[in-house]
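Every number in this text was worked out from the coordinates using simple rules, so none of it is lab data. All values derive from a computational prediction rather than experimental measurement. No Cβ is skipped: glycine too gets one built from the backbone with ideal geometry, and neighbour counts run over all protein chains shown.
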Amino acid sequence: MIKTLAVAAIAAFTLIGCSTGPSITRPDRPEGTVLVVYQPSHQTDTGRDYSEAAVCNAIVEAAIATNSGAVKTEKVWSHDVPGLRFGKRGSNTMVAHTTAVVGDSLTGYAWELKTSNTLQPFVFVSIHNNGGTNRHAIWGFIHEGDQYEAANREFATELVEAIADVTDLENRGVLFDSSTGRNDYRCSVTGKLAFFSLDENVNTAPYRVLLEIGDNGVSRPLLQDPVMQKKMGEAIQRVVETRFGRK
């Protein structure tokens, strides 16, 4: 009987130990107030009679306006910056629109990331709309192979859930940036397709998340509604402040 109990106790201990799962490596929170950089899409070429840039910028402006002071917020947006290549269009997954060098001019994405890195944020949130999916949904994306991959997945999951809660968008979860299979920009470490804005070799922020909010076709009424833009921005900022606000 004693032997049986001992075996049972060992088995229970083993199960408890296994249930905790692997530990998550999280970046050390900096002293003082955390800086959060928002990167709204600058793209005006992703839908007929539709400006993804205007929609995403409105969501970001709503988030920044909601800031209680618990964090610092900044925006990097090439849309209104003169002298850039692809400053108002282009893909986050194409070399030609991100890292390609032509004379002395930067691409819109390269300017945004250079500006963000100068600010040295702890958190970076990129806001985009999907297209061609015919799916009224929201997706979160993180960079595959990053040392803080699991921590970024936690953060992205909270953001996706928060936006789904204040809209009727379907929660499609969090995916790797390599999963889209689009275009030709690749991470120099993994060699896999990636989002330029999420690549740790480009973006120095430890927390880096990209949100694809809605589809510019089927979700257009929601995305262009100023009331819903405000709700989504506020939802994003609430998550940011809850997770990273002053201690």
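Side notes on the structure shown:
- Scanning the stretch 32-65 for residues that are touching a residue at least 40 places away in the same chain (Cβ under 8 Å), in a helix (DSSP H, G or I) and surrounded by 20 or more Cβ atoms within 10 Å (Cβ to Cβ) yields 52, 55, 56, 58, 59, 60, 62, 63.
- For the residues 209, 189, 174, the requirement of being of a type outside the set (Asp, Glu), in contact (Cβ under 8 Å) with a residue 12 or more places away in the chain and either farther than 25 Å from residue 23 by Cβ or outside any strand (DSSP E or B) (or both) singles out 189.
- The residue that is surrounded by the most Cβ atoms within 10 Å (Cβ to Cβ), among those in the stretch 109-150 that are over 19 Å from residue 204 (Cβ atoms) and of a type in the set (S, T, N, Q), is 129.
- Scanning the stretch 111-138 for residues being in a strand (DSSP E or B) and under 18 Å from residue 53 (Cα atoms) gives a total of 8.
- Residues that are in contact with a helix residue (DSSP H, G or I) (Cβ under 8 Å, 6 or more places away or on another chain), in a helix (DSSP H, G or I) and farther than 14 Å from residue 138 by Cα within the stretch 212-227 comprise just one, 226.
- Options 95, 76, 102, 81: the member that is touching an Asp or Glu at 6+ places or on another chain (Cβ under 6 Å) and surrounded by fewer than 20 Cβ atoms within 10 Å (Cβ to Cβ): 95
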